[in-house]
Structure formats: structure tokens, C-alpha cells
Number of protein chains: 4
Amino acid sequence: MTIRIAVAGATGYAGGEILRILLGHPALLDGRARLGALTAWSNAGSPLGEHQPHLGPLADRILTTTDTANLAGHEVVFLALPHGQSGAVAQALGPDVTVIDCGADFRLADAAAWSRFYGTAHAGTWPYGLPELPGARAALQGAKRVAVPGCFPTVATLALYPTLAAGLAAPEIVITAVTGTSGAGRSLKPHLLGSEIMGNASAYQVGGIHRHIPEIVQNLGSATPADAAHANVSVSFTPVLAPMSRGILASCTAPAQPGVTARDLRDAYEKAYADETFVTLLPEGRWPQTAAVLGSNSVHLQVALDEAAGRVTVIGAVDNLAKGTGGAAVQCLNLALGWPEDAGLSTIGVAP
Amino acid sequence: MTIRIAVAGATGYAGGEILRILLGHPALLDGRARLGALTAWSNAGSPLGEHQPHLGPLADRILTTTDTANLAGHEVVFLALPHGQSGAVAQALGPDVTVIDCGADFRLADAAAWSRFYGTAHAGTWPYGLPELPGARAALQGAKRVAVPGCFPTVATLALYPTLAAGLAAPEIVITAVTGTSGAGRSLKPHLLGSEIMGNASAYQVGGIHRHIPEIVQNLGSATPADAAHANVSVSFTPVLAPMSRGILASCTAPAQPGVTARDLRDAYEKAYADETFVTLLPEGRWPQTAAVLGSNSVHLQVALDEAAGRVTVIGAVDNLAKGTGGAAVQCLNLALGWPEDAGLSTIGVAP
Amino acid sequence: MTIRIAVAGATGYAGGEILRILLGHPALLDGRARLGALTAWSNAGSPLGEHQPHLGPLADRILTTTDTANLAGHEVVFLALPHGQSGAVAQALGPDVTVIDCGADFRLADAAAWSRFYGTAHAGTWPYGLPELPGARAALQGAKRVAVPGCFPTVATLALYPTLAAGLAAPEIVITAVTGTSGAGRSLKPHLLGSEIMGNASAYQVGGIHRHIPEIVQNLGSATPADAAHANVSVSFTPVLAPMSRGILASCTAPAQPGVTARDLRDAYEKAYADETFVTLLPEGRWPQTAAVLGSNSVHLQVALDEAAGRVTVIGAVDNLAKGTGGAAVQCLNLALGWPEDAGLSTIGVAP
Amino acid sequence: MTIRIAVAGATGYAGGEILRILLGHPALLDGRARLGALTAWSNAGSPLGEHQPHLGPLADRILTTTDTANLAGHEVVFLALPHGQSGAVAQALGPDVTVIDCGADFRLADAAAWSRFYGTAHAGTWPYGLPELPGARAALQGAKRVAVPGCFPTVATLALYPTLAAGLAAPEIVITAVTGTSGAGRSLKPHLLGSEIMGNASAYQVGGIHRHIPEIVQNLGSATPADAAHANVSVSFTPVLAPMSRGILASCTAPAQPGVTARDLRDAYEKAYADETFVTLLPEGRWPQTAAVLGSNSVHLQVALDEAAGRVTVIGAVDNLAKGTGGAAVQCLNLALGWPEDAGLSTIGVAP
């Protein structure tokens, strides 16, 4: 039977990236799967080519409205909707449908943290779509519901987990992450206009208010020894908007434990990611850059020990739309359906 | 008598910015001062217009070689040379010449720190050209030698000094600063090519090796109480190269002292900078962006208390070429010659 | 008496640029003039600093609504409104008020051309604010109403007028002009989002439909000999949107008349602009670039004869917000009030 | 037998793009072909990952020197060398080796035109690697030597050929093409530095001197009726450098023949490219943009008739590194080896 795949939110950047990746996915190329409904809100009725001109093969596909009727009849539904909208849509989809949610709704286990940062009732908790996080992969295999991680938490977690899990640094974490604008979606806000973005770097949501903080705390909290509570992890997180469309470059630091060496640090990362296709510790002397992972599902990492400051610094680069959203979504689909985890996913960036 | 001003390194970005500002300086407009030698190395003999096409009024000025003979006969000499070259040039200039050095050579008081980070013998220590630093302004008035601060130290110092001086945070500092490419100068290096820079964010000199670190430590060390040694200040500093020509957006954090409130923090900045023309604490709710200070001599700051993470975060924006180099150089000239400190300097950015 | 100046549309890019220039204008610095009402539509009631964070000295000024009452009581009113709105506002302002309109409403003499391109009734024709166009300056001196030219017509006209007026080329003109995004204003349209703009060049309004075409035809038509009608001038105009905030780089060509030499061409431009402060024919071998005029009121030109193709090519660079709009508006104000034409206007760009 | 493929010039942008595409090519994925020598000049001895960090799977491959010995023993050799170097290298490769040259050396049939524009002796003429040009595909099938077209000629030819071949316009062509910086290669020149490129548009090689002109003349000359000589085609070509890494947006115009309609024009393109995978005439009302073809092998076209100006305008978008160079090179390889022409080549762009 051909697996029918719907994408809800096909005109957004996350939806577009899911489609871009699926168009090159072996299961769609050989007919095991095919694209069904592509849905949208205000743009329903128009051809996809008006909104995603880079997706040539789908240019003539007509968008339908994001509703229960149009999403019915698919074995797989990707949700690329604004935060808070996935819960209602997902409820209407049968338990046998594989639902991959790119929104935040089902990422957090802590209902109180959800309410504090999102201001609404907690929708629930689904398996967390970061297979490289210890224990996560097994829960994703065959899963019918998956919560794709946020873009910042993906790179922050992969950057710091090995250090914390190996006990090489205290969990008093400071992160400043530079991000391209596509992370904000196709939102018509003045500060996202090209004229405002180009030649400009700006900070936003500073001082502990960014919604990705509880997700980072949750992930890194799980890295600390079993007897340590989440509450022990503190995360200072500052996002910076930079003039580029894609990419996150995260600068992540934590206080080094006494006696830790640079060798200890490299060992921790080499061990943690030895079998991971999509996480690369760069050779010594090379530093991550977002262009090297653009369009790919890879995360590039490098770690340094600043002895004078007594801190571990880990730099991580990710394409926020690919491994940060759409690529992760397809990686989770692969696990959910029992396909090779890397099917349709590339470790090669598009540069320069 | 007309004051003759020479600019050594007139084809570089810092030299160009000094010239741009001087062309609008009242003392040059009304004839109290005039531009003399504009010098360069390999470009000597060619007109300035080939290298700085934006400086229309100077397009036909022929560059001469940076040497003692050409720099002689000026009352003021700006040095905009690569680090390590200012010492020899300055020595040949008489003690009555006002020398404003944009290089690093004379910024550090600690000869050992100099040697550790620059690998050469220490040239000496000149009055430090950050008038907003307590005590610095007096030393600059009438000075014959001035060391203009580095661009990162300027914004990092102004961002954190009030917090530290008021004892509101511990001096365990973590800074990640996003910078435009002009900070690297007109260097012909592959990673500075437009093709590599656009669409790309990259970290460099991570892990305590950036040369601006001892300068930040020196500045912020002076903010701690008198009985505290410099050694108590630790600075983790990570620079990130972003796709823009100008501007630094610095994210600066330190652990808040117990009981500190957001009000305490704002008070400290309002008090520290109440009389400063070129430092602005933004109204609550607005965050610094580099475009707002582009071409201006202003530094924009905002401060936040992250109670959950227990950290103070200060965001600072500066134009690395203006207040970060060329504007600071002219501000120091004004102090050195007894002119109004803000002569020729703007608080208005060029945006969008 | 102090001249009171109002700016209608102060939150837009044109309004912001007018304010940026006025803040450095001698008449405002010495108190002969001062800023009165700054008006807006939906943003009325908020401080200007929320919208124009680069205009530090005006950060606390509260915007008022763009209406007759608020604009009354000023000797000068700048209109920086969407096309089609100036007529009604201007009518309510007394005949003694100097009104400088940055919109298109009063630029065209040909009512039919207006209706064909704008689809509404023609509001009228005011003195055209391009002083460098033969005959235009005199009409602007003391004028109470001025129509500031469009950004594309400014550079296209200055680029081609001397060639046509000297009869060196036939008026069969082909122009492709690359523009930054600020020319589209602060419009919340998807294709103007930073994510869409960066890394992207796109054509728009191709095939004779851009509204600046009749304005270019009108200007260049006046360059042809007295017995030639406008209809003889044909203009093929293609705008291209490029990833930069400011600047227009126009490539303008026309068929060379037989026997014309490169020397003839240079002579024509040198003669035409010998006394013009704001138009520069670059030395041979140097080509215009928008960065060199960024923030300045200058237009840079270069001319070439392509003998094989039999065409004259003129390249022009302008800052669309400065000489292309806000700078031209202030230049016209200076002429209207009898101030030095270049008061407050710079020929120096902000680069890199 | 496994086909061994060498890439000479593997550290450049063209070489990198060839490698990026080959890494996803079915023949390399299934083992029919494999990468052999990757060669360079000054970077020989270093790992490819230092220069092409986006090509993760090849990060550890050590570069060897571009010489006869290292290129021997391969069935396929891609030459991605500076213009003028391919001739000597190619001569040393046996006649059975498939040589795909991305340089200009063998593109022109007219030795005089070569000498006039390149200043050296003509190396010869190889089959021209633009399969979509009538007659070209057959010559490429099984070819042992292929000259890959220049990036500008590719888009200009595809944009104008159908109009000229159908006799809908006179061959008096005016082209202005906006290009990203990667077209200039990884050259260490001041005007290619990120600080100079960003926020800047500039014209260069204006007035009939760009080396791609004779190639465009050659291609479009072949579109005119059999009794028309090349000399009848005139091409005015102006390149404009814009702040983006990849992409060319070409604005191409020619005088419409009397009576030509917009329908005639669309018909000509629909007919010309009906069977072409990599050339897309966009639906009416949509205009090409470079982001839509970034990383893809597609050319997007749109055509308009400007009745008032009497000109046909065709806009074309191409990724200069993909279909403009590296993608075209692989397309030619496919034809040369008898593989499916689109093997390894995508029609899907990477956006936003």
C-alpha cells in the first residue's frame, strides 16, 4: 500500500522544508509513499508554486484548507502550524495515523513549565524527536506521535549533553545563539522586513523569557546524574537575530569541573556521537559555521576549554529549517515507519 | 595656527572612518585644522578615491608612504596600522605631537598579558581612550599619546562596568559578541570573502585566545572594589562573525548577587551614564540593534535580570568602526586638544 | 521667527531619512528652524524611538495622527505618505506653507499618463524637485509646492540626460536598475521579508508597467530637441530587487549616434555637471557602486561607449532614501527657503 | 569497471559544486563510479575539509597537486581551473578520457574573438555543453571533450534563443545581469571582501569588454536564420555584482518585431522548452528569482512584451554554480557517458 503523506502548513518555511526533503526521499521516488493534501489557511485555493517557487515539481498543486476533512485519509500527517494549533488538529486524527508535529505543543513533560512560558493549557507530551538524545531513539521507533524539537534546543542539547553527562562541567549554562530569520517563520512583522534585517544584528527575548528555555532545561536536566533534579540546571539563553535566512550558531558555555582537560572534552564528544550520522565533532582547529550545514541534516560541533576563565565552550551549527525542523521531522518519520533513519537526509551542505 | 592632521593607514577601514568623521568635523570645516598626509603601504602613489570611493572630497588626494618623513610636520597623527606597527612609528614622532593610536600596542598596562596574547615585547602603556570609564576622561584631556580601545572591549566594558562597580554581579563574565566583518580589516583572507561571509555565521578564536580578552579583564578588573585583584575577574569571550559589514552586538552576562532586582540594575546604568552623550540605556522593552548605531558614535545598552538562571544579561550595540574605532579616536582627539568632546560626532545612526 | 517643520509619515523610511538629515541641518542646529509635528497613522500615540531607533535625539517624541489639525501651524510640511494621499492633505494646507511632497501625486504633467499608471484622477503638477535638470532649479527657488522625484527617475534622468541633450544617442532607452528593499517602504508583504530577500535577486513589474516609467519619459523627453515630442522617447525599464537595504545601481543604455566617441560622451557629462555639487562623473576606470553614496546626497556616474554593440552605457548609483528621496526633499527645501542648496547635505558616503 | 573521476581545482567554488553534486549522484552512490584525485595548487597536501567544510563525506580526503601524474588513471576528469590553464592539462590526458572543462578555453569557435577577449592563442573548440541549445545535445552524447558554458551565456542564451529563433525580435540585444559573488571564484581581491560586497551593488566590465560577450554572440548568432551572419547579432552586456553568494538574475531585451503579441512569445518558449527538464517558463504573473533555483540545475524564465517601448523583455534566473557551472558539468558528464541526462541533478531549490 502506498503511504499517503499530508503536510499541514505547506506555505510556511517549515512546511516548505519538509516538502523539499520529501521530494528527494527514496520512498517517494520509488512510489512507496506519495504526497497527499498540502494545506494552508489564507492561501488555500492557490497553487503551491505561488508561495514556494523553489519546489518546482509541486508548483501546480492546489492548497486546501487545514481542517479535519482534508487531513483525513493519510497514513502520515506533518503538522507545521503555529504553536498552540497542533493539539486540536492532532486529536481529530486517528491513533493509527503517524503524526509528526513541528510545533511546541507536545514537547514538554512539565505542564507547569508549559503554562508559564506559553500561557495556555498543556496539550500533553509526545515522544521527543531528537534521536541522538540518549534513550530517545527507541521511543521514536514505531511511534504514532512525535514532537519535533525546537531549533535552538536541538543545537544546544547536542552541544552540551556530552559535557554534562560526563560530569565535566557544572550545569550553570550560558548560551547565546545567533539565528537566521527563517526561524521566525513567514510572519509579517516590521522587524522581520529585509530592510530592517540586513546590516543589522539584534537581541530579543532576553532575560529568561524565550520559550525554548524550558525545553533546553528539560533536555540537559536529563544529562545530569539520576539523583539530580531538573531544578539544578540553570540556563541563561540569549537569542540574537542576524542577517541571514537560515542557520543557528550557538555559543554554549558551562563552568569546567576542576582538573578537566581538553582531551577529556574531546573524548566525551567522540564517544557520545561515534555512531551518530548527523552529529560531527570537527577536527581540532576548525570551528563550526552555519554555511557548512545549510540545507543538510548535520550538526557541526567544536569544543574548547578556556582554562583562564574556567569554562567549557561548545560551538554548534545547525540549519534551523533542516535538522532544526524539517530534517528532524523526516528523520523522525523514518524511525516511526521503520525506514533507514537517514533516508532522504543529507550530510552535505550547500555552500558557498 | 592651523592644526595639521595626518592619517597613517588611510586605505584601511579604520583610517577611512577617521577621515569620514573628520570631513564633517567643525574644526576642519572652519579651517582651524586641515588634513595633511594620508599614508599607506602598497597603495602609496595612488589616489585615495581608488580605495575609499565614499570619501568624495578626498578622491584626488595622493597617498604617500607611511614613514617618518611623511608623518613629520603634523600636530596630530592618527595611527590606523596593523597591531605591532605603532610603536616604531610613534617613537619617531616628537613628544609635542598628539598621537592617537587605533592599534593595540599601548592599551595594556600588564606587559606579561601583552606578551602572552601578542607574542612580542610590550611597547608601553598610554592613556586609555574610553572617556566613559571612570577616571579615564581626565587622563585624556591634553594627552599627547592616546591608545584607542579595541572594539569588543569598548562595548563589553560599557555594558558590564556599572553592574560590577555597583557590586550587583560577580565578576565571572561570559560574553558572546556578534561582529560584522569590517572589524577584521581589509585583509585578503579566504574566510573574509563575500561568498563565504554571506548567509553564514561562524565562531572564531574560541576558548580564551582572543586578543581583546586581557583588555576586557583590565577594564572590568578596575570596576571591582579596591581590594580585589584583576585576577578575580574571569572573562569567557566568544566572537562570532556575522554577515554584515559593521556593528557589534554583545551579549554579556554575569551571576547576579543575591537579592539584586531589575530596578537596582537600571538604577546603576542610569546613574553611571546620566552625563554621557554617547551611551544610551534604552527604555524598558527595547533591545539594542546594531543598525540603530550604524555610523554613529553611540553605544546602546539594555539590561535584564534572569531570575531563574540567576544572571544579569546586558546587551550592547556599537558600530565597531565608529565608536568602536574611528569615532573613539576623534572623541579622544577632541579631549586631547581641548575641543568639545562631541565635536564632529553624531548620536544618529544611518538606517535602515 | 523660527520655522516650524512638520513631517507627515515619520515612521516610514522616507520620513525617517528626512528626519535624519534635518537633525544635522544647520538651520535646525542653530535654531532658525525646529521640528514640530511628527505624524503617523496606526502608530500615532507611540514614541518615535519605537520605530526609528537610530534617531536618538527624537526617541521620546510622541507621534500624532496625520491630519489637518496636527499639520496646521507649520511653515514647512514634508509629506512622506503612500502615493495618492498627498493631494487631500496638501489641499488643506495654506498657500503660504511650503509643502515638499515625496509622493508621486504631483510629479507628472500628463494627466493621461498619471491615470494610465496610477488609475486615479490626476491631482495636479508641482515644480519638479530635481534641481540638476536644466530649468528646474529656478522653478524651485521660493516654491511653495515641490514634487520630489521618484528614486529611479532621479538616477535614470541624471544618467542619460547629458547624452540625449547632446544628441549623442537615440532616445530608445533600455534601463535595468538594481534596487535595495527600502524603496518599497515599510510594507508588510511576504516578498519583502528578510528571509525572502537575503540571497535572492528578483525582477518585478517587468514589461512597461512600473509607475516610474512616465516620469522617466517626461524627464528624458525634455532632453530631446525642441521639435521632438515626448512620444519619441521610448523607455524599457526593468527593476530588480537585490538583497541590500539601500541603494540603486542603474544600468542605462541607448543606441549611440554614428561617429560618437568616448571623448564626446565624457565631455557631455563634464559640461553638464561641472557646477553640480551632487553629481559626480567618476574618473575613467572606476565604476559606480551604491556603497560609495550610502547616506549621502551624491549620484555617481560613469559612461562607456560599446562600439561593437553600438550603444552608450551609463551606470548611475544613488542612495534611494537620500538623494533618491529624503535628501532631495531637503535640497528642495533649501531652494524653496533660500538657504544654501547643500545645507545639511553630505557628499560623503558611509562605507564599508 | 568502476569509473574513476578526478576533479582538478577541488578547492574552488566550481570544483566544490561539482563534488557536492557528484556526492548525490546515483552512479557514485551505487558504486559504478567513484571519486579519485582531488587536486589543487597551493592547498595540495591539506584535507579538503579545510576548504570545503560543507562536503562532510570528503572532509578527510587529502588534496594532491594539479599535474599530469595525479590526473592520470581516471576515466573522467573535471577541470575547474582558471581560464587559460585547461589547454595544457587537457593535452596530457589521453583521447579516451572524458574531459569536462569548466573554463572558457574551448568554448569559442572563433579564434579571433578568443584572442580579442582573452589575449592569448586559441586552444581549440570542443562540443559546447548547453544541451538545450538546438543541435548541442547530439554532439554531447558520447563526447570525450566538453566545454561547459559560462554562467552568463547559459542564462542569456536560454532566455533569448526562442525569441530570436522564432523571429519575434531583432538581434539588437541589451542584457544587464545581476550576479552573486561566487561567479568571481575564490579570488583574494579587495572588492570581493564581504565588507565591500554587503550592502553594495556595483557594475564592472562595462562597455563591451566582458569575456562572456563573444560566447553570447556565438550562441545567439546561431539562432538567427541560416542566411544571417553572426555579425548581425549585437550584444550590449552589463554585469552587476550584488550582495549574494549565488545566483544570476538576467534582464534581457530586444526590439520586438512589428505585430508580435505576448501570446506569440509564450508560445515560442513553451514550444522550445516543452521537453526540457531544466528550463521552466513560469506561469504568467510570476517572475524569476534566484532563490528559487539556488542549488538546483533549473533555469526559470518569464517573458514580457513592452508595447510602449517596443521591446521583448525576458528575465532568467540561474544558480551560477549549479546549472551555471557545476550542474551543467554533471549534465554533460551524463550525456557523455550515456547516463540519464538528469542523474544526480535536481530541479528543486533550497529556499528560503
Kindly check whether there is at least one residue in the stretch A:108-130 that is farther than 27 Å from A:Val318 by Cα, of a type outside the set (D, E, K, R) and within 14 Å of chain D (Cβ to nearest Cβ).
no
Among the residues that make up the stretch C:274-287, is at least one of them part of a loop (DSSP other than H, G, I, E, B) and of a type in the set (Lys, Arg)?
yes
For B:Ala256, work out the one condition from (1) surrounded by 24 or more Cβ atoms within 10 Å (Cβ to Cβ); (2) closer than 30 Å to A:Val312 by Cβ; (3) in contact (Cβ under 8 Å) with a residue 60 or more places away in the chain it doesn't fulfil.
(1)
Which number in (1) touching a residue at least 40 places away in the same chain (Cβ under 8 Å); (2) under 23 Å from A:Arg246 (Cβ atoms) marks the one condition that A:Arg4 misses?
(2)
Can you tell me how many residues within the stretch A:310-341 are within 7 Å of another protein chain (Cβ to nearest Cβ) and buried (at least 24 other Cβ atoms within 10 Å of the Cβ)?
3
Considering only residues that are modelled with pLDDT of 95 or more, within 14 Å of chain A (Cβ to nearest Cβ) and part of a loop (DSSP other than H, G, I, E, B), which ones fall in the stretch B:212-257?
B:His212, B:Ala242, B:Pro243, B:Met244, B:Ser245, B:Arg246, B:Gly247
For the stretch A:81-127, enumerate the residues that are charged (D, E, K, R), closer than 13 Å to A:Glu215 by Cβ and either without any contact (Cβ under 8 Å) to a residue 12 or more places away in the chain or open to solvent by 50 Å² or more (accessible area, probe 1.4 Å) (or both).
A:Asp110, A:Arg116
Could you tell me whether any residue of the stretch D:294-303 is without any contact (Cβ under 8 Å) to a residue 40 or more places away in the chain and not aliphatic (A, V, I, L, M)?
yes
Considering the stretch B:169-185 alone, what residues qualify as being open to solvent by 10 Å² or more (accessible area, probe 1.4 Å), more than 9 Å from chain A (Cβ to nearest Cβ) and more than 17 Å from the chain's Cα centre (by Cα)?
B:Ala170, B:Pro171
Return yes when D:Pro352 is within 14 Å of chain C (Cβ to nearest Cβ), in a loop (DSSP other than H, G, I, E, B) and farther than 21 Å from D:Leu164 by Cβ and no when it is not.
yes
Has the stretch B:147-161 got at least one residue that is at pLDDT 95 or above, open to solvent by 30 Å² or more (accessible area, probe 1.4 Å) and in contact with a Phe, Trp or Tyr (Cβ under 9 Å, 6 or more places away or on another chain)?
no
Out of D:Gly24, D:Gly73, D:Gly124, I need the residue that is under 21 Å from the mean Cα position of the chain (by Cα) and either in a strand (DSSP E or B) or at positive phi (or both). Which one?
D:Gly124
Kindly check whether there is at least one residue in the stretch B:148-160 that is of a type in the set (Gly, Ala, Ser), touching a His at 6+ places or on another chain (Cβ under 7 Å) and within 30 Å of D:Leu188 (Cα to Cα).
yes
Restricting the stretch D:137-168 to residues that are touching a Gly at 6+ places or on another chain (Cβ under 6 Å) and within 14 Å of chain C (Cβ to nearest Cβ), the residue that is farthest from D:Gly247 (Cα to Cα)
D:Ala159
Considering each residue of the stretch A:38-47, count those that are surrounded by fewer than 24 Cβ atoms within 10 Å (Cβ to Cβ), at negative phi and either in contact (Cβ under 8 Å) with a residue 24 or more places away in the chain or away from every other protein chain (no Cβ under 13 Å) (or both), and give that number.
4
Counting only residues that are open to solvent by 10 Å² or more (accessible area, probe 1.4 Å) and in a loop (DSSP other than H, G, I, E, B), which one in the stretch C:48-62 is nearest to the other protein chains (Cβ to nearest Cβ)?
C:Pro53
Taking B:Ala136 as the residue in question, decide whether it is open to solvent by 20 Å² or more (accessible area, probe 1.4 Å) and not assigned by TED's automatic domain parsing to the domain that holds B:Gly208.
no
So which of B:Thr157, B:Thr163, B:Thr176 is of a type in the set (Ser, Thr, Tyr), at negative phi and not in a helix (DSSP H, G or I)?
B:Thr176
A:Gly295 being within 8 Å of chain B (Cβ to nearest Cβ) and closer than 20 Å to A:Thr347 by Cβ:
no
Residues satisfying the stated conditions in the stretch A:89-113, i.e. assigned to a loop (DSSP other than H, G, I, E, B), of a type in the set (A, V, I, L, M, F, W, C) and in contact with a helix residue (DSSP H, G or I) (Cβ under 6 Å, 6 or more places away or on another chain):
A:Ala92, A:Cys102, A:Leu108
Among the residues of the stretch C:187-206, how many are crowded, with 24+ Cβ neighbours inside 10 Å and either assigned to a loop (DSSP other than H, G, I, E, B) or more than 10 Å from chain D (Cβ to nearest Cβ) (or both)?
5
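The values are calculated or read from the model by the stated rules, or taken from the named source; none is laboratory data. What you see is a predicted model, and the numbers here were worked out from it, not measured in a lab. Neighbour counts are summed over all protein chains in view; Cβ atoms, including those assigned to glycine, are modelled from backbone coordinates with ideal geometry. Surface areas here come from the heavy atoms of the whole protein model, side chains and all, with no ligands, DNA or RNA. Shrake-Rupley method; radii C 1.70, N 1.55, O 1.52, S 1.80 Å.
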